[in-house]
Amino acid sequence: MKRLLISLLGLAAALFPMAAQSADTTLITLDDALRIALSENASVKVADLEVKRTGYARKGSYAALFPQVDGSANYQRTIKKQVMYMDFDMSSMMGGAGAAAGSGESAEKPAASSRSTDGFEVGRWNTWSAGVSASMPLVNAQLWKSLRISDQDVELAVEKARGSRLETVNQVKKAFFTVLLAKEAAKVYKSVYDNALENLELTQKKFNAQRASELDLTRAKTTLANAVPNVYDSQNSVELGLWQLKAVMGVDLDQQIDVAGSLTDYADSMLTEPAPSSDLEGNSSLRQLAIQADQLSNTIKMQQYASLPSLALAFSYSLNAMANDYKFNQYKWSPYSYVGLSLNIPIFAGGRRYNAVRAAKVQATELDIQRANAERQLQIAVRQYLGTMETAVKSYGSASSAVETATKAYGIARQSYDVGRSTLTDLNDAQLALTQSQLGVCQAIYSYLSAKSDLEGTLGADFLDKTQNNE
């Protein structure tokens with residue numbers, strides 16, 4: 001009996017601190033949990049940053065359409081000047097016509113000494129140059145198509161961010177419903193414990209009055225002792241569920257929160273709301289595959305456009321100076337500038353462009369197969385979720401009837417045991433049936449809500465869109 005009292009005191013000590021902490025606990029609804037998660041969840045934050053990153057990358061790619069202006073400055077110090085050699089007729093420079101009149105032989109065959117054999121150095125020791133150049137594409141089909149692909153990169157990032165939000169919403173919903181299920185189970189096991197305690201007190205009185213055997217008293221003690229671990233486990237499940245909820249919400253695990261409402265609050269919606277649609281148009285995975293397919297289509301065209309000519313505009317202006325000293329104020333700067341058009345006509349690249357087009361087409365075919373298979377798998381998942389929801393509704397109706405019957409049966413068994421018309425075993429059997437039926441109701445509601453959450457995530461039902469429409 002002392003051990004039993006110790007267990008009872010331990011259970012009370014475990015429950016009272018939880019009640020004391022409730023004063024500092026923040027009560028949140030499902031909508032509150034979803035809003036917090038969509039602003040604090042790590043996956044959502046990373047997805048939003050990815051959208052920002054691809055936006056910057058797109059702006060950077062559009063810069064290729066604008067003039068590219070570069071400045072330059074150079075200095076060269078000559079270590080060894082170049083030597084220039086020139087072959088020329090010296091006689092022609094010295095009046096070769098008159099010399100030829102004095103000697104016909106020399107006019108017909110110039111002497112070997114008439115050619116210069118010594119070179120001379122050219123250039124100066126210091127060379128300075130500075131200038132600016134600019135270029136801009138005028139006609140470049142491949143560049144234009146690559147810009148469209150950059151736009152689709154942003155679209156893909158936005159859709160991935162949406163998919164991350166949908167996944168976060170699904171995780172928060174299921175974690176929230178798991179906490180509600182754990183709390184309902186804790187209530188059931190607490191009621192089982194309370195009933196076992198009342199039955200033990202009643203059996204103890206009957207035993208003292210010699211109306212119950214020692215075996216009945218021992219069974220009552222055993223039933224109460226078996227109810228204690230279930231209470232502890234259910235309370236621990238509530239704590240674990242709250243930790244999981246805080247983790248997917250992205251809040252501090254030490255923050256004290258609790259969920260509002262109960263599973264029974266969602267029971268009416270199970271029976272009244274219409275069957276959800278099975279249209280996969282809003283599925284994020286299929287949307288991402290569709291964007292990737294468009295990207296591959298544009299990639300094929302971009303590879304094909306690589307064989308087309310391109311036209312660019314170029315401009316350059318520079319100043320040059322050469323000197324043997326560092327007297328800058330005496331330098332003579334010579335300007336040089338030009339403007340022109342550059343036409344590039346691809347002719348032969350060893351089959352590189354042709355094979356790039358073929359590779360892109362094969363990749364597009366692979367993506368079509370993956371998309372068809374993904375859609376098939378999603379349709380199977382949707383049918384599975386709908387089947388689970390339908391089964392949960394039927395199970396809820398059956399379990400609700402079982403609870404009414406089991407509650408009535410337990411009341412009858414309790415009264416019969418009070419007057420000695422039934423045994424403690426009959427009472428325990430009635431209690432077990434009541435417990436199973438109560439847990440069955442909770443499990444049916446949870447199964448429905450969990451399958452509905454998975455279905456909404458698969459169909460792409462956005463929480464933000466719903467709240468905006470309601471407003």
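The values are calculated or read from the model by the stated rules, or taken from the named source; none is laboratory data. Here the structure is a predicted model, which means the values were calculated and not measured. Every residue, glycine among them, receives a Cβ derived from its backbone with ideal geometry; neighbour counts consider all protein chains shown.
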Residue check, D325 against (1) more than 34 Å from the chain's Cα centre (by Cα); (2) surrounded by 15 or more Cβ atoms within 10 Å (Cβ to Cβ), all met but one. Which one?
(2)
Condition broken by L386, with the remaining ones in (1) surrounded by fewer than 17 Cβ atoms within 10 Å (Cβ to Cβ); (2) among the aliphatic types (A, V, I, L, M); (3) closer than 30 Å to K206 by Cα satisfied:
(3)
Has the stretch 44-54 got any residue that is surrounded by 15 or more Cβ atoms within 10 Å (Cβ to Cβ) and within 30 Å of S135 (Cβ to Cβ)?
yes
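Each row is one residue, and each column tells you yes or no for (1) within 20 Å of T435 (Cβ to Cβ); (2) in contact with a strand residue (DSSP E or B) (Cβ under 8 Å, 6 or more places away or on another chain).
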| residue | (1), (2) |
| --- | --- |
| Y193 | yes, no |
| K205 | no, no |
| L215 | no, no |
| S234 | yes, no |
| Q244 | no, no |
| D252 | no, no |
| D258 | no, yes |
| L263 | yes, no |
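Conditions (1) buried (at least 19 other Cβ atoms within 10 Å of the Cβ); (2) within 24 Å of the chain's Cα centre (by Cα); (3) modelled with pLDDT under 90; (4) in a helix (DSSP H, G or I), marked per residue:
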residue: E121; (1), (2), (3), (4): no, no, yes, no
residue: R124; (1), (2), (3), (4): no, no, yes, no
residue: W128; (1), (2), (3), (4): no, no, no, no
residue: V132; (1), (2), (3), (4): no, no, no, no
residue: L138; (1), (2), (3), (4): no, no, no, no
residue: V158; (1), (2), (3), (4): no, yes, no, yes
residue: L166; (1), (2), (3), (4): yes, yes, no, yes
residue: K173; (1), (2), (3), (4): yes, yes, no, yes
residue: F177; (1), (2), (3), (4): yes, yes, no, yes
Check the stretch 37-46 and report whether any residue there is modelled with pLDDT of 90 or more and more than 30 Å from G261 (Cα to Cα).
yes
Tally of residues being farther than 18 Å from F315 by Cβ, in a strand (DSSP E or B) and not hydrophobic (A, V, I, L, M, F, W, C) across the stretch 56-83
5
How about the stretch 261-302: which of its residues are surrounded by fewer than 14 Cβ atoms within 10 Å (Cβ to Cβ), within 30 Å of I36 (Cβ to Cβ) and of a type in the set (G, A, S)?
G261, S269, S277
Among the residues of the stretch 199-225, which ones are at pLDDT 85 or above, exposed (fewer than 13 other Cβ atoms within 10 Å of the Cβ) and not aliphatic (A, V, I, L, M)?
E201, K205, N208, E214
Residues that are touching a residue at least 60 places away in the same chain (Cβ under 8 Å) and of a type in the set (S, T, N, Q), drawn from the stretch 366-383:
Q370, Q379
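It is to be established whether one or more residues within the stretch 404-412 are part of a helix (DSSP H, G or I), in contact with a Cys (Cβ under 9 Å, 6 or more places away or on another chain), without any contact (Cβ under 8 Å) to a residue 60 or more places away in the chain and crowded, with 18+ Cβ neighbours inside 10 Å.
The answer is no; no qualifying residue exists.
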Mind telling me which of the residues S269, S297, S334 ends up being among the small types (G, A, S) and under 30 Å from R358 (Cα atoms)?
S297
For the list (1) surrounded by 11 or more Cβ atoms within 10 Å (Cβ to Cβ); (2) modelled with pLDDT of 85 or more; (3) farther than 30 Å from S310 by Cα, I need the number of the one condition that Q82 fails.
(1)
Would you list the helices (runs of 4 or more DSSP H) that sit entirely within the stretch 211-320 and hold 3 or more residues that are free of Cβ contacts under 8 Å to residues at least 60 places away in the same chain?
214-249, 267-272
Return yes when A381 is surrounded by 13 or more Cβ atoms within 10 Å (Cβ to Cβ), farther than 23 Å from S453 by Cα and of a type in the set (A, V, I, L, M) and no when it is not.
no
Of the numbered conditions (1) outside any helix (DSSP H, G or I); (2) at pLDDT below 90, L343 fails exactly one; give the number of that condition.
(2)
